[in-house]
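Where a number appears in this text, it was derived from the coordinates with a stated rule and is not lab data. As the structure is a prediction and not an experimental result, all values here were calculated from the model. All Cβ positions, glycine included, derive from the backbone under ideal geometry; neighbour counts span all protein chains shown.
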Amino acid sequence: MASTSEGPVGSKLLHSSGVRRILIAITFAISVSAIIATLFGIFEQAGQLAAVASAFATILLVSLTAQYAQMTQRLAEEAESDREQRKEFRKEEQEREIMALRRGLHEEIGKVRTYEDYVEKYETGMSIFQIPAPNTVYESNAGRIGLLEDEEVDLIVEYYTRLDHIQTEIETQRKLDTTFEMGLAREFYERYEGILNYLARKLTGGRYGQPTSKNREKRIRRLFKDLVTAQSAALEAIESNLDTESE
């Protein structure tokens with residue numbers, strides 16, 4: 001047990017700057033003495049002094065090497081600790097960004113609760129400006145959506161894709177069915193074409209002829225129904241991950 005306790009004490013002494021200066025002074029003094037003995041022809045004593053000086057120099061070198069090794073190890077540990085801290089900070093920062101993104105998307109997707117009404121009440125001629133379709137959060141964070149869970153991403157993208165598609169369909173239908181933007185000749189042509197399409201569809205069982213406004217209206221309502229389903233699925237996926245993060 002005594003040798004174990006003496007080890008650290010001896011090590012501390014060797015690493016002491018005061019002890020190291022003493023070793024340097026002793027080594028220098030013995031080396032000078034060896035040189036003087038050599039000059040006076042006292043070679044035996046000179047050799048002995050040189051051996052002693054070499055021993056002290058070795059002790060000094062071991063002390064310096066050990067200190068350098070400890071310093072190197074300490075610097076490596078500090079660097080590793082710093083890397084881990086920065087890594088943990090980046091992870092926490094990314095988690096905060098993901099949490100904020102989820103909350104923003106959840107608020108935006110859930111903001112409109114009137115889509116279900118259009119499943120039954122949508123009528124031709126409605127403008128896309130009459131139907132709220134917020135997508136600012138999604139558009140401004142398009143490059144960061146991939147940070148979310150894969151299933152979550154798929155459902156969110158599906159919702160916004162359906163929302164964009166339904167806007168396009170509504171605008172197309174509005175242009176087909178709204179007559180106040182047409183001249184008289186254009187309106188007459190549209191009505192005449194509509195009658196021909198209606199007859200073609202009736203006579204061919206729907207194989208030929210463009211769909212009438214009522215059929216297009218039903219199509220938009222089906223799209224709203226699909227949009228409501230996609231909206232609910234996206235909200236549930238986001239809420240599930242928000243609950244997990246809050247635990």
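Below, the figures for the structure above:
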quantity	calculated
Local electrostatic count at residue 84 - Lys and Arg +1, Asp and Glu -1, tallied over other residues with Cβ under 12 Å	0
Karplus-derived HN-Hα couplings along segment 45-59 (A = 6.51, B = -1.76, C = 1.60, θ = phi - 60°), whole Hz, x at Gly and Pro	5, 4, x, 5, 5, 5, 5, 5, 4, 5, 5, 5, 5, 5, 4
Sequence of 203, 101 once ranked by neighbouring C-beta atoms within 10 Å, starting from the fewest	203, 101
Hull shadow area, averaged, segment 65-148 [alpha-carbon convex hull, nm²]	7.6 nm²
Residue order, fewest to most surrounding Cβ atoms within 10 angstrom, among 99, 71	71, 99
